[in-house]
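K.L.:
The structure that follows is given in the form of structure tokens.
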């Protein structure tokens, strides 16, 4: 199956009541791991790249790695999504290399840190929507801001819970295809000082007011097992916290369709590489430890696909409906 717009995958998910993970990648092995998991579970998948990832990858390398993923997985619906685009320049670069979906984060100014006004958010989002739609590319917008920091220390660091009526107005004013909202989640590995929580009342109100897919950013679970593995083999990652799978599953039931996963992937790869090198000190071939990390990450992503209800839905997916 060819690359598809993200809204096609998410509209199907919203209609049938399951969630689709959007998995951030930074290298070839991570792309392979995502696709291994999708093939194993027969799940539609969203591969995400942030502006930091694209800078690390180089646009040309990313473009052809994605093409390889499509060629090797003809039966899997794949959307390629720009995560947290913060400028028209970056959006255009993504469109030029074949992204099927882009996020314009107008909730922050172009510096990626300063909280913007509603008017600014509408203006920049609407301009991207108009251009992207002319190319058949879907657009994600955001209203409200999450806590924590995104890629390359971007983000305001403050939480501004989304106002339901403002969310409705924003959808009407911009014509976005799906909407990221702030209901208590946070970017990064250090999400919560106390117990993780989602504002389900706000989620329910927003779901009742808008008829497009809802997106949850900052949804990594940061499992204690992963942290233990990282630290057991020489890491120093302390004080972390994440979003329990049970809360994400409840959020899906209440109307969330797209769940962003980044930090969990980073931790899984780091834990696997640390473990492999400590337990196999004679090994020095990158294929050995990167291959092992790829398998570990693939298993983690497959478990999330099953938890989110994505399992088996690649087979009943129809483009354009």
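K.L.:
Quickly run through segment 159-181 and pick out the residues that are out of contact with any strand residue (DSSP E or B) (no Cβ under 6 Å at 6 or more places or on another chain) and either at pLDDT below 75 or assigned to a loop (DSSP other than H, G, I, E, B) (or both).
P.N.:
161, 163, 175
K.L.:
Here's something else I'd like to know. Being on the phi > 0 side of the Ramachandran plot and either buried (at least 19 other Cβ atoms within 10 Å of the Cβ) or touching a strand residue (DSSP E or B) at 6+ places or on another chain (Cβ under 7 Å) (or both) is the filter here, so list the residues in segment 229-261 that pass it. Reasoning before the result, please.
P.N.:
Quick first cut of segment 229-261, residues on the phi > 0 side of the Ramachandran plot only: 234, 239, 255.
If the condition is that a residue be on the phi > 0 side of the Ramachandran plot and either buried (at least 19 other Cβ atoms within 10 Å of the Cβ) or touching a strand residue (DSSP E or B) at 6+ places or on another chain (Cβ under 7 Å) (or both), then 239, 255 are the ones that fit.
K.L.:
Report, ordered by the first and then the second residue, all pairs with beta carbons closer than 8 Å, sequence separation of six or more or different chains, a first member in segment 111-130 that is without any contact (Cβ under 8 Å) to a residue 40 or more places away in the chain and at negative phi, and a second member that is in a helix (DSSP H, G or I) and exposed (fewer than 15 other Cβ atoms within 10 Å of the Cβ).
P.N.:
124/88; 127/88
K.L.:
Quick one: count up the residues across segment 1-26 that are in a strand (DSSP E or B) and within 16 Å of the chain's Cα centre (by Cα).
P.N.:
Taking segment 1-26 and keeping what is in a strand (DSSP E or B), we get 3, 20-24.
Those still in the list that are within 16 Å of the chain's Cα centre (by Cα) too: 20-24.
So the count comes out to 5.
K.L.:
Could you list, in sequence order, all residues of segment 282-321 that are touching a strand residue (DSSP E or B) at 6+ places or on another chain (Cβ under 6 Å) and over 16 Å from residue 259 (Cα atoms)?
P.N.:
Matches in segment 282-321: none.
K.L.:
For segment 14-37, does any single residue satisfy the condition of being without any contact (Cβ under 8 Å) to a residue 12 or more places away in the chain and touching a helix residue (DSSP H, G or I) at 6+ places or on another chain (Cβ under 9 Å)? Full working, then the answer.
P.N.:
Initial filter on segment 14-37 (without any contact (Cβ under 8 Å) to a residue 12 or more places away in the chain): 15.
Now narrow it down to the ones that are touching a helix residue (DSSP H, G or I) at 6+ places or on another chain (Cβ under 9 Å): none.
Taking every residue of segment 14-37 in turn, none turns out to be without any contact (Cβ under 8 Å) to a residue 12 or more places away in the chain and touching a helix residue (DSSP H, G or I) at 6+ places or on another chain (Cβ under 9 Å).
K.L.:
Just give me the residues in segment 262-288 being touching a helix residue (DSSP H, G or I) at 6+ places or on another chain (Cβ under 6 Å), over 25 Å from residue 3 (Cβ atoms) and crowded, with 20+ Cβ neighbours inside 10 Å, in sequence order.
P.N.:
Listed by number, the residues that qualify are 267, 268, 271, 272.
K.L.:
Tally the residues that are within 23 Å of residue 22 (Cα to Cα) and either part of a strand (DSSP E or B) or touching a strand residue (DSSP E or B) at 6+ places or on another chain (Cβ under 8 Å) (or both), restricting the search to segment 122-140.
P.N.:
Qualifying residue count, segment 122-140: 9.
K.L.:
Kindly provide the set of residues from segment 159-173 that are free of Cβ contacts under 8 Å to residues at least 24 places away in the same chain and surrounded by 17 or more Cβ atoms within 10 Å (Cβ to Cβ), ordered by number.
P.N.:
Of everything in segment 159-173, just one residue is free of Cβ contacts under 8 Å to residues at least 24 places away in the same chain and surrounded by 17 or more Cβ atoms within 10 Å (Cβ to Cβ), namely 163.
K.L.:
Residues that are within 21 Å of residue 10 (Cβ to Cβ), at least 3 per element: which helices (runs of 4 or more DSSP H) completely within segment 44-116 meet that?
P.N.:
Values: elements: 51-57, 59-72, 88-96.
Qualifying helices (runs of 4 or more DSSP H): 59-72, 88-96.
K.L.:
How about segment 139-150: which of its residues are surrounded by fewer than 22 Cβ atoms within 10 Å (Cβ to Cβ) and either at pLDDT 90 or above or within 15 Å of the chain's Cα centre (by Cα) (or both)?
P.N.:
149 - this is the single residue of segment 139-150 that is surrounded by fewer than 22 Cβ atoms within 10 Å (Cβ to Cβ) and either at pLDDT 90 or above or within 15 Å of the chain's Cα centre (by Cα) (or both).
K.L.:
Okay, next question. Out of (1) over 25 Å from residue 18 (Cα atoms); (2) touching a strand residue (DSSP E or B) at 6+ places or on another chain (Cβ under 7 Å), what's the single condition that is false for residue 279?
P.N.:
With respect to (1) over 25 Å from residue 18 (Cα atoms); (2) touching a strand residue (DSSP E or B) at 6+ places or on another chain (Cβ under 7 Å), residue 279 is out only on (2).
The values are calculated or read from the model by the stated rules, or taken from the named source; none is laboratory data. Everything numeric here is computed off the predicted structure, so don't read it as measured data. Here the Cβ is made from the backbone with ideal geometry for all residues, glycine too, and neighbour counts use every protein chain on show.
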